[in-house]
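The values are calculated or read from the model by the stated rules, or taken from the named source; none is laboratory data. Fair warning: this is a prediction, and the values are worked out from it, not measured in the lab. Every residue, glycine among them, receives a Cβ derived from its backbone with ideal geometry; neighbour counts consider all protein chains shown. Just so you know, the surface numbers come from the protein's heavy atoms only, side chains and all, with ligands and any DNA or RNA stripped out. Shrake-Rupley method; radii C 1.70, N 1.55, O 1.52, S 1.80 Å.
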Amino acid sequence: EQEYYIDKRILEKYKGVLVNVEENVPICKKCKNELIINNIEDDNLKRIYSEYRKIKNIITPSEIIKLRNKYNISQRELTAILNFGKMTINRYENGSMPSKTHSDYLRLISKDKNEFFNKVKEAYNNNRISAKTFAKIEKNINNENLDDNNYELKIFIMVLQFLI
């Protein structure tokens, strides 16, 4: 437990990508060496990851959570559907950086419900998810389709009202 001060530095590159993120580097007042303080390191990483995600179009933890909430599924269920390692979705939702391949696929299934449902069917046929999970997701997708149709109907009615 040493007294320290913060030296602000710019990290220019992360994984070969120009990010220009300000880092807080704790320096021991006594010996002038850099210290590693977990919460400061965590904050630095959050800023670096955030900028890197923007530049490389990597899915964010909140977007993954939104996908799961959309279909009312757990981390474990999404992991099984995608056939990822046990803790992969958990790590991604807690800030770990997904590979570009995983990120692109997660983004695709969050936007394309048909692609997502094909993956769900594959997971069910390969016994990675239960019949109960399959039925729950199918119901959510069908309800989403109803919402889409209602939206289109509402637009149609608004256009008709405008023309009258």
Cβ-placed point charges (K, R +1; D, E -1), dipole of the chain about Cα centre in debye, nearest 20:
340
Taking only C-alpha pairs under 8 Å that are 6+ residues apart, what is the relative contact order of the stretch 58-97 in percent?
46
Under 5 Å between amide H atoms, partner at least 5 residues away or on a different chain: which partners does V19 have, H built in plane at 1.01 Å?
K13, Y14
Which three extents, in angstrom, do the Cα atoms of the stretch 90-138 have along their principal axes, listed largest first?
31, 21, 17
The longest stretch of the chain containing none of the trypsin sites (Lys or Arg not before Pro) that sit in a DSSP loop with at most 11 other Cβ atoms within 10 Å is 87-164
Based on Cα coordinates alone, diagonalise the gyration tensor for the stretch 38-92, multiply each eigenvalue by 5, take square roots, and list the semi-axes in whole Å, largest first.
24, 13, 10
Using a 1.4 angstrom probe on heavy atoms only, work out the carbon and sulfur share of the accessible area of the chain in %.
50
With every protein chain present, what is the per residue accessible area of the chain (1.4 Å probe, Å²)?
68
To the nearest µm²/s, what D does Stokes-Einstein give for the chain at 10 °C and 1.306 mPa s, using the Kirkwood radius over alpha carbon pairs as Rh?
83
Please give the net charge around N90, taking every other residue with its beta carbon less than 14 angstrom from that of N90, where Lys and Arg add +1 and Asp and Glu add -1.
+2
Taking alpha-carbon centroids only, the stretch 27-61 lies from the stretch 89-132 a number of Å equal to 28
Through the Karplus equation 6.51 cos²θ - 1.76 cosθ + 1.60, θ set to phi - 60°, convert the phi angles of the stretch 19-24 into ³J(HN,Hα) values in whole Hz; use x for Gly and Pro.
10, 6, 9, 6, 10, 9
Around Y4, which amide H atoms from residues at least 5 apart in sequence, or from another chain, sit under 5 Å from its own amide H, with H modelled in the peptide plane?
K29
What is the P(r) of the stretch 1-91, as percent of Cα-Cα pairs per 10 Å bin from 0?
15, 31, 27, 19, 8, 1
Given Cα pairs under 8 Å that are at least 6 residues apart, what percent is the relative contact order of the stretch 77-145?
36
Relative contact order (%) - criterion: Cα under 8 Å, at least six apart; region: the chain:
15
